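*Asks:* I am attaching a structure below and will ask some questions about it afterwards.
The values are calculated or read from the model by the stated rules, or taken from the named source; none is laboratory data. Given the structure is predicted, the values throughout are model-derived calculations rather than measurements. FYI the Cβ positions are ideal-geometry reconstructions off the backbone, even for glycines, and counts take in every protein chain you see.
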Amino acid sequence: MDAMDSMDYSHISWVVLLVRATSLWKEAVSYLELGLTADIQHDGRVPETSDEKAEFRKLLRSWYRKGDEENLDEALSQAYRAWSSSGVSWSALLRIATPLTPGARRCHASAPGPLGPAGFQQRMC
């Protein structure tokens, strides 16, 4: 990224910036290695404490060149995604894992029937 000109740099997606920052964060042995102030090891973990999250945002801010890159503004506003879990809820897992009783049918979103909430076809079961 350092070798890119300003125009190309400003067109890097915030997602790419966030993934790059997270990768650097997890690979670094300490904050000092990233050019940040604190020297606390994070051993391949994503930021967890409020201090770590602040340091992660500081890493993103250090990538500003002119100070008005919208992609970095967006990456900063979406930084929480680097440490947030996006797992499937327990109730959804139970629904998926629960075996069907004999003779029961699974409903499919693409099955013929009236339009559902998101505009998908739904079969009434």
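*Asks:* Are there any pairs, at least 6 apart or on different chains, whose C-beta atoms fall under 8 Å, with the first in the range 61-78 and within 12 Å of Ser13 (Cβ to Cβ) and without any contact (Cβ under 8 Å) to a residue 60 or more places away in the chain and the second among the hydrophobic types (A, V, I, L, M, F, W, C) and not in a helix (DSSP H, G or I), and if so, which?
*Replies:* Correct list of pairs: Leu72/Trp63.
*Asks:* A follow-up question, please. Mind telling me which of the residues Ser13, Ser50, Ser23, Ser6 ends up being at pLDDT below 90, within 18 Å of the chain's Cα centre (by Cα), loosely packed, with under 13 Cβ neighbours inside 10 Å and not basic (Lys, Arg)?
*Replies:* None of the other options fit; the residue is Ser23.
*Asks:* Moving to a separate point now. Would you check which residues across the range 72-94 are part of a helix (DSSP H, G or I) and either of a type in the set (Phe, Trp, Tyr) or more than 13 Å from Ala21 (Cα to Cα) (or both) and list them?
*Replies:* Within the range 72-94, Asp73, Glu74, Ser77, Tyr80, Trp90, Ser91, Ala92, Leu93, Leu94 meet the criteria.
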